[in-house]
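Participant: So that we are looking at the same thing, I have put the structure below in structure tokens.
The values are calculated or read from the model by the stated rules, or taken from the named source; none is laboratory data. This one's a predicted model, so the numbers in the text were calculated from it and none came from an experiment. So basically every Cβ, Gly included, is an ideal-geometry build from the backbone, and we count neighbours across all protein chains shown.
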Amino acid sequence: MNTRSLIGFTTLVCVSLTSFLSADEKVIPQVEQLIQSQGTLLLHDDFNREEKDDTKEQLGKQWKTNSKARAKGTKQADLNNGMLTITMAEVADHGVSIKHDAPFDDGVVKVKFRMHDWKGIGFNFNDPKCKVSHAGHICHVGVKPRMVDFRDGKTGIFDLEIREKKLGGASKEEIQRLTEGKFNHVQGKFNTNQWYEITILIQGDVMTAWIDGEKIGELKSEGIDHKVKQNMAFAVSGVADVDDLRIWSLDQ
């Protein structure tokens with residue numbers, strides 16, 4: 001349970017960037033200029049609040065989880081000491097997904113995260129109305145202690161035709177051929193039990209990520225340019241914490 005006395009908040013209104021720049025935040029000039037010139041803050045959540053019943057998932061602020069469908073209702077998301085702790089339950093048959101609507105075409109996401117194991121954490125962008133991709137998966141950035149991966153899911157591994165071929169027993173080589181250019185795996189070195197801040201910029205068909213102000217990599221692929229990323233989801237198959245989430249639209 002959260003021990004802080006301040007009540008967190010989520011906003012869905014336009015707020016200026018400068019209101020949320022902290023003293024220790026790593027400034028990325030390219031991104032800050034975009035936010036200042038054309039950014040609209042869609043979502044800010046500092047998770048500084050408590051559940052009414054600490055035995056249940058009560059995230060509030062219109063957050064949705066897959067715990068009921070995938071973990072037999074076991075609590076996997078906990079508001080804890082001013083942050084959100086995500087833990088995949090032993091009974092779960094799928095990784096934890098915790099999502100919030102914040103629709104944009106082009107946009108910026110900033111969030112602090114802490115990994116507790118090698119499984120890391122994913123930041124997924126989805127559009128449930130997209131009928132050519134499994135579960136509406138559009139694109140993804142995933143961080144593990146030794147790798148950051150970028151993925152175009154819409155025209156890559158989650159394309160329904162490609163997925164059907166894979167489930168039908170297509171060879172690994174055929175799937176690799178069909179998804180060529182839809183992934184980018186970047187080697188890295190990140191510690192568990194240490195806080196980082198990731199910044200993700202999506203512009204057109206290019207998705208770029210920075211961690212603590214240092215550019216990690218990018219992916220250019222047509223599926224990323226899907227016109228509506230309806231929601232952003234935290235994806236966790238182990239244990240991870242997140243805090244201070246902000247999402248801006250760059251759409252005019």
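Participant: Just one of (1) surrounded by fewer than 19 Cβ atoms within 10 Å (Cβ to Cβ); (2) over 23 Å from residue 144 (Cα atoms) trips up residue 94, so point out which.
Facilitator: (2)
Participant: Determine whether segment 175-185 contains at least one residue that is under 30 Å from residue 243 (Cβ atoms), surrounded by fewer than 17 Cβ atoms within 10 Å (Cβ to Cβ) and not polar (S, T, N, Q). Lay out the reasoning, then the answer.
Facilitator: We begin by selecting, within segment 175-185, every residue under 30 Å from residue 243 (Cβ atoms); these are 183-185.
Imposing the further condition that a residue be surrounded by fewer than 17 Cβ atoms within 10 Å (Cβ to Cβ) reduces the set to 185.
Pick out the ones that are also not polar (S, T, N, Q) and you get 185.
Among the residues of segment 175-185, at least one is under 30 Å from residue 243 (Cβ atoms), surrounded by fewer than 17 Cβ atoms within 10 Å (Cβ to Cβ) and not polar (S, T, N, Q), which makes the answer yes.
Participant: For residues in segment 109-121 being surrounded by fewer than 21 Cβ atoms within 10 Å (Cβ to Cβ) and out of contact with any Leu (no Cβ under 9 Å at 6 or more places or on another chain), which is nearest to residue 181 (Cα to Cα)?
Facilitator: Checked segment 109-121; the qualifying residue nearest to residue 181 (Cα to Cα) is 119.
Participant: Next up: Exactly one condition in (1) of a type in the set (D, E, K, R); (2) under 21 Å from residue 99 (Cβ atoms); (3) in contact (Cβ under 8 Å) with a residue 40 or more places away in the chain is not met by residue 182; state its number.
Facilitator: (2)
Participant: Which numbered condition in (1) surrounded by fewer than 19 Cβ atoms within 10 Å (Cβ to Cβ); (2) outside any strand (DSSP E or B) is the only one that residue 35 fails?
Facilitator: (1)
Participant: Same structure, new question: Return the only residue of 220, 189, 182, 166 being farther than 16 Å from residue 148 by Cβ, modelled with pLDDT of 95 or more and charged (D, E, K, R).
Facilitator: Only one candidate qualifies: 166.
Participant: For segment 36-86, what are the residues that are under 25 Å from residue 230 (Cα atoms) and acidic (Asp, Glu)?
Facilitator: 45, 46, 57, 78
Participant: I'd like the full set of residues that are of a type in the set (A, V, I, L, M, F, W, C) and part of a strand (DSSP E or B), limited to segment 66-91.
Facilitator: Filtering segment 66-91 down to residues of a type in the set (A, V, I, L, M, F, W, C) leaves 69, 71, 77, 79, 83-84, 86, 88-89, 91.
77, 79, 83, 84, 86, listed by residue number.
Participant: Sort out which residues of segment 39-54 are in contact (Cβ under 8 Å) with a residue 12 or more places away in the chain and out of contact with any Gly (no Cβ under 7 Å at 6 or more places or on another chain), and write them in order of number.
Facilitator: 39, 40, 41, 42, 43, 44, 50, 51, 54
Participant: Sticking with this structure for a sec: Out of all the residues in segment 234-252, is one or more closer than 30 Å to residue 41 by Cα and more than 18 Å from the chain's Cα centre (by Cα)?
Facilitator: yes
Participant: Being in contact (Cβ under 8 Å) with a residue 60 or more places away in the chain and more than 16 Å from residue 205 (Cα to Cα) narrows it down to one residue among 132, 141, 148; which is it? Reasoning before the result, please.
Facilitator: Details: 132 fails: in contact (Cβ under 8 Å) with a residue 60 or more places away in the chain; 141 fails: more than 16 Å from residue 205 (Cα to Cα).
Every option except 148 fails the conditions.
Participant: Where residues in segment 152-171 are among the charged types (D, E, K, R) and touching a helix residue (DSSP H, G or I) at 6+ places or on another chain (Cβ under 9 Å), which of them is surrounded by the fewest Cβ atoms within 10 Å (Cβ to Cβ)? Talk me through it step by step, then tell me what you get.
Facilitator: Step one: filter segment 152-171 for residues among the charged types (D, E, K, R), giving 152, 154, 159, 161, 163-166.
Keeping just the survivors that are touching a helix residue (DSSP H, G or I) at 6+ places or on another chain (Cβ under 9 Å) gives 152, 154, 159, 161, 163, 165-166.
Working: 152: 29, 154: 26, 159: 22, 161: 9, 163: 18, 165: 15, 166: 17.
The residue in question is 161.
Participant: While we're looking at this one, here's another question. So, residue 3, is that one among the hydroxyl-bearing types (Ser, Thr, Tyr), modelled with pLDDT of 95 or more, over 20 Å from residue 108 (Cβ atoms) and surrounded by fewer than 16 Cβ atoms within 10 Å (Cβ to Cβ) or not?
Facilitator: No, not satisfied.
Participant: Another question, if that's okay. Going by the structure shown, is residue 211 under 15 Å from the mean Cα position of the chain (by Cα), over 19 Å from residue 114 (Cβ atoms) and either at pLDDT 95 or above or charged (D, E, K, R) (or both)?
Facilitator: Spelling it out, it is not the case that residue 211 is under 15 Å from the mean Cα position of the chain (by Cα), over 19 Å from residue 114 (Cβ atoms) and either at pLDDT 95 or above or charged (D, E, K, R) (or both).
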